[in-house]
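Peer 1: One structure, pasted below without further comment.
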Amino acid sequence: MIDAIVVGLGNPGKEYARTRHNVGEETVARLAGRVGAKLKAGRDRALVAEADLVGKRVVLAFPTTYMNDSGQAVGALMRRHRVVDPGRLIVVHDELDLEPGVMKVKVGGGLAGHNGLRSITQHLHTHDYVRVRIGVGKPRSKEHGADHVLSKVAGSVREVLDVMVERAADAVEVILSDGAEAAMARFNALP
C-alpha cells in the first residue's frame, strides 16, 4: 500500500530545467536521490519512482504534462494507487506570493493564480491536499509573469532556490513522518 504521493510541479524539457517554475520537480528529484531511487517514465504521464522515505511507502512523481495540465497525471496516479484521501497527496510547487528564501507548508486553500494547482484541483474536485510552497517572488509586473517563472535563474537567487529545494525536501520528510501540522510548526516560522 502507498502511504502518500509526492508530486513536484514543473514543465518537462531541458529548456525549463533550473527555472523558478521547476523548483517542485527539483525537490522530488532531490528526494529520489536521497534514497537512491530513479524517476522513470510511467503510464500516467509522469516520471515516477516508488520509494521508502522515512519509513513510509511513497510514490514520487513529476508530471510530464506541462504545468497547466498537471491534474491529468495527478488524477491518474491517485486512481492507480487507490489514494482517495487528499491529505495523502503532497504537491511541491513554486509560489509567486512568497519571496525567494521563504518556504511554507499549507493544507488546502486558494490557488493564488497557479495553473498547476488549478488543474489538480479540477481533476481531484478538492483543494484539501498538502502543499509545500517554495517562494520565487513576484515579477516586475503581471505582464512579465511567464518570463519570470520560465527563465533560467543564476547567481545568488539560484543559490537561495537551491537551499529552499533542500528545505522543501526536508519538509516533505517531516510531513510524511510527523504530519502536516508538525511540518507547518517547524518550517513556517523560518525566515
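Peer 1: Looking at 17, 49, 37, 32, which one is surrounded by fewer than 16 Cβ atoms within 10 Å (Cβ to Cβ) and more than 24 Å from residue 121 (Cβ to Cβ)?
Peer 2: 17
Every residue, every condition in (1) over 14 Å from the mean Cα position of the chain (by Cα); (2) surrounded by 21 or more Cβ atoms within 10 Å (Cβ to Cβ); (3) under 25 Å from residue 46 (Cβ atoms); (4) modelled with pLDDT of 95 or more, yes or no:
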| residue | (1), (2), (3), (4) |
| --- | --- |
| 103 | no, yes, yes, yes |
| 142 | yes, no, no, no |
| 157 | yes, no, no, no |
| 163 | yes, no, no, yes |
| 178 | yes, no, no, yes |
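Peer 1: Let me ask something additional. Check off (1) without any contact (Cβ under 8 Å) to a residue 12 or more places away in the chain; (2) over 18 Å from residue 166 (Cβ atoms); (3) out of contact with any strand residue (DSSP E or B) (no Cβ under 8 Å at 6 or more places or on another chain) for residue 38 and give me the number that stays unchecked.
Peer 2: Failing condition for residue 38: (3).
Peer 1: Of all residues in the stretch 1-44 being at pLDDT below 95 and charged (D, E, K, R), which is nearest to residue 132 (Cα to Cα)?
Peer 2: Among residues in the stretch 1-44 that are at pLDDT below 95 and charged (D, E, K, R), the one nearest to residue 132 (Cα to Cα) is 20.
Peer 1: If you don't mind, there's one more thing I want to ask. Working only within the stretch 65-80, note down all residues that are at pLDDT below 95 and under 14 Å from residue 111 (Cβ atoms).
Peer 2: 67, 68
Peer 1: Run residue 183 past the list (1) at pLDDT 95 or above; (2) closer than 23 Å to residue 63 by Cα and report the number of the one that doesn't hold.
Peer 2: It is condition (2) that residue 183 fails.
Peer 1: Could you grab me the full set of residues in the stretch 109-126 that are assigned to a loop (DSSP other than H, G, I, E, B) and either touching a Leu at 6+ places or on another chain (Cβ under 6 Å) or at pLDDT 95 or above (or both)? Steps first, answer last, please.
Peer 2: From the stretch 109-126, those assigned to a loop (DSSP other than H, G, I, E, B) are 109-114, 125-126; that's our starting set.
Correct list: 111, 125, 126.
Peer 1: Restricting to the stretch 1-35, name every residue that is closer than 18 Å to residue 162 by Cα, in a loop (DSSP other than H, G, I, E, B) and touching a Ser or Thr at 6+ places or on another chain (Cβ under 9 Å).
Peer 2: If the condition is that a residue be closer than 18 Å to residue 162 by Cα, in a loop (DSSP other than H, G, I, E, B) and touching a Ser or Thr at 6+ places or on another chain (Cβ under 9 Å), then 9, 10, 11 are the ones that fit.
Peer 1: If I filter the stretch 99-117 for residues that are at positive phi, touching a residue at least 12 places away in the same chain (Cβ under 8 Å) and among the aliphatic types (A, V, I, L, M), do I get at least one hit?
Peer 2: Yes, because at least one residue in the stretch 99-117 is at positive phi, touching a residue at least 12 places away in the same chain (Cβ under 8 Å) and among the aliphatic types (A, V, I, L, M).
Peer 1: Using beta carbons and a limit of 7 Å, which pairs, at least six apart or on different chains, have the first residue in the stretch 8-19 and within 13 Å of residue 45 (Cα to Cα) and touching a residue at least 60 places away in the same chain (Cβ under 8 Å) and the second one of a type in the set (Ser, Thr, Tyr) and not in a helix (DSSP H, G or I)?
Peer 2: 11/66
The values are calculated or read from the model by the stated rules, or taken from the named source; none is laboratory data. Since we're looking at a predicted model, the values are computed, not measured. Here the Cβ is made from the backbone with ideal geometry for all residues, glycine too, and neighbour counts use every protein chain on show.
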